[in-house]
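Below: the structure, in C-alpha cells.
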Amino acid sequence: DRGFITHRGPIGELGLALPCTLDHQAGEGLLDPGALLGDVSLGGHLHLAGYYNLPGLWGEPTRELFRRAREERGATTSLNAQYDATGTWAHLDGVLPLVDALIVNRDEALAIAAA
C-alpha cells in the first residue's frame, strides 16, 4: 500500500500551447510541444509521468503530443497515469491508442478499465 499528498501548485497550471507548430512561442504556463519533441531523438521514447496531476495535459494536449512524437520522431510512448483524485478516470480515450506502455497499479488499471 502506498499513499502520498500532492499540492499541484504551478504543476496544475501546465499545459501545451495548441495548435502545435514547431515555431510556436508558448505563453506563460504553456509548454512548447515543438521544443519538447526536439529533445526526443529519432526512434527515441517519450514518457509522461503523473498524468492525473497535470490537468492542463488531459485529453487533446497529450494526444497531440504523443501523436507527433510517433509520427514526427518515430518514438515510442509511455504514460504513468498515477491516481485520479477526481475519481472520474476520464480523459484517456483518445490518448490510450497512442500509448505503447501504460504504467499503472492494479487499482488504477481497474478504475481506468471501468471508466
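The values are calculated or read from the model by the stated rules, or taken from the named source; none is laboratory data. Remember, predicted model here, so these are calculated numbers, not experimental data. As a convention, Cβ positions derive from the backbone with ideal geometry for all residues, glycine included, and neighbour counts pool all protein chains shown. Quick note on the areas: whole protein, heavy atoms, side chains included, nothing else; ligands and nucleic acids left out. Shrake-Rupley method; radii C 1.70, N 1.55, O 1.52, S 1.80 Å.
A few remarks follow.
- Residue match in the range 102-109 (condition: open to solvent by less than 20 Å² (accessible area, probe 1.4 Å) and in contact with a helix residue (DSSP H, G or I) (Cβ under 8 Å, 6 or more places away or on another chain)): no
- The lone exception for Glu64 - which of (1) under 22 Å from Ala114 (Cβ atoms); (2) in contact with a Cys (Cβ under 6 Å, 6 or more places away or on another chain) it fails: (1)
- So Arg68, is it in contact with a Leu (Cβ under 7 Å, 6 or more places away or on another chain) and basic (Lys, Arg): yes
- Residues that are touching a Gly at 6+ places or on another chain (Cβ under 8 Å), part of a loop (DSSP other than H, G, I, E, B) and modelled with pLDDT of 85 or more are absent from the range 2-23 altogether.
- The set of residues from the range 59-99 being within 9 Å of the chain's Cα centre (by Cα) and at pLDDT below 90 comprises Pro61, Leu65.
- Residue within the range 80-89 that is open to solvent by less than 20 Å² (accessible area, probe 1.4 Å), out of contact with any strand residue (DSSP E or B) (no Cβ under 8 Å at 6 or more places or on another chain) and not in a helix (DSSP H, G or I) present: yes
- Residues within the range 90-113 that are assigned to a loop (DSSP other than H, G, I, E, B), hydrophobic (A, V, I, L, M, F, W, C) and over 18 Å from Pro61 (Cβ atoms), tallied: 1
- Residues of the range 49-67 that are touching a helix residue (DSSP H, G or I) at 6+ places or on another chain (Cβ under 7 Å) and not in a helix (DSSP H, G or I): Leu54 alone.
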